[in-house]
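Here's the structure, in structure tokens; my notes come after.
Please treat every number below as a calculation from the coordinates, not as lab data. The structure presented is a predicted model; accordingly, all values stated were derived computationally and were not measured. Ideal geometry is used to build each Cβ from the backbone, glycine not excepted, and the neighbour counts take in all protein chains shown.
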Amino acid sequence: MKVVAIGGSPRLHGNTNYLIDQALGELASRGIETEKIVLNEYKVGPCQAHENCASFPECQQKDDGQWILEKFSQADGVILASPVYFGTISAQMKAFMDRSFFLFRHDMGLSAKCAGLIAIAGRRGADQTVEELKKLVRRADAELLTLSGNSGAPDVDPKTQTELIEESRKMGRQMAEILAAGSS
Ligand SMILES: Cc1cc2nc3c(=O)[nH]c(=O)nc-3n(C[C@H](O)[C@H](O)[C@H](O)COP(=O)(O)O)c2cc1C
């Protein structure tokens, strides 16, 4: 049983990454294997829209997108988390979303039975950003759990965000329950 989290924030010690860690911590403490992939730490270029994408056995773009997509599609549960930039997902997450087109052009479904979607704004736009994240898992037969919140000030210490921390931990616990129920 494995949960893969895809993080769209470049700030390793920011809110989005901290909240991913909280959710994954709950999962790990229940014996579930976890992996966090921070997109900004890798090269995931924007889709180049090869017309005959479906005819290629591999994405023609030789970067980290391919293996990250494989892990994403094979995981039993996924977490997608993005900061809100101009009212929507970050550019890193959008590039990943566009690259997931390869999966769909090859009829490669997602194995995930549950998906946790996290969007963190400064002040507004988190709800609509969660709606954007839903597009990435819309073909999965997955139970969706969402967390949309505001960090407030840009330099806020994520460790002081008690409500968001509790919500993300709750997401992790719920995902563990869904995965446990599915495997029994
Ligand atoms: C390029 C950019 C655009 C942003 N646009 C918005 C926005 O539209 N609405 C908002 O409330 N906050 C916006 N913010 C603030 C971030 O969403 C906020 O600081 C969030 O907590 C960042 O997440 P992080 O701590 O994980 O990096 C923006 C920040 C940046 C850097």
- request: Distance between Cα centroids, segment 7-53 to segment 149-180: provide it in whole Å.
  value: 15
query: Is the shape of the chain rounded, prolate or oblate, going by the alpha carbon gyration tensor and its root eigenvalues a ≥ b ≥ c, with a/c under 1.5 for rounded and a/b larger than b/c for prolate?
result: oblate
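Can you show me the helix-derived [θ] at 222 nm for the chain, built from DSSP H runs with n ≥ 4 at -39,500 (n - 2.57) apiece and divided by the number of residues, rounded to the nearest 500.
-11500 deg cm²/dmol
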- prompt: Quick one: length gained pulling Thr160 to Tyr42 fully straight, 0.36 nm per residue minus the C-alpha distance?
  reply: 39.6 nm
field: FRET efficiency for Leu12 and Ala91, using Cβ-Cβ distance with R0 set to 25 Å, rounded to 0.05
entry: 0.90
message: I want to verify a result. In a Gaussian network model of the chain, Cα cutoff 10 Å, which of these has the top mean-square fluctuation: Ser168, Ser73, Ser29?
response: Ser29
field: Distance between modelled label sites at His50 and Ser184, nm, 7 Å Cα→Cβ extension
entry: 4.6
- prompt: Considering only segment 2-183, what is the antiparallel percent among its DSSP beta bridges, to the nearest 5?
  reply: 5
- line: Once normalised by the length of the chain, the mean sequence separation of its alpha carbon contacts under 8 Å that are 6 or more apart gives a contact order in percent of 27
message: Run the reach check for Lys71 against lysines, Cα to Cα strictly under 22 Å, same-chain hits fewer than 8 apart removed. What comes back?
response: Lys2, Lys36, Lys43, Lys62, Lys94, Lys113, Lys134, Lys135
- prompt: Rounded if a/c is under 1.5, else prolate if a/b beats b/c, else oblate: with a ≥ b ≥ c from the C-alpha gyration tensor eigenvalues square-rooted, which is segment 1-92?
  reply: oblate
- request: Enumerate the amide H contacts of Ile37 below 5 Å, restricted to partners 5 or more residues apart or on another chain; note that Pro and chain-start residues carry no placed amide H.
  value: Ala5, Ile6, Gly7
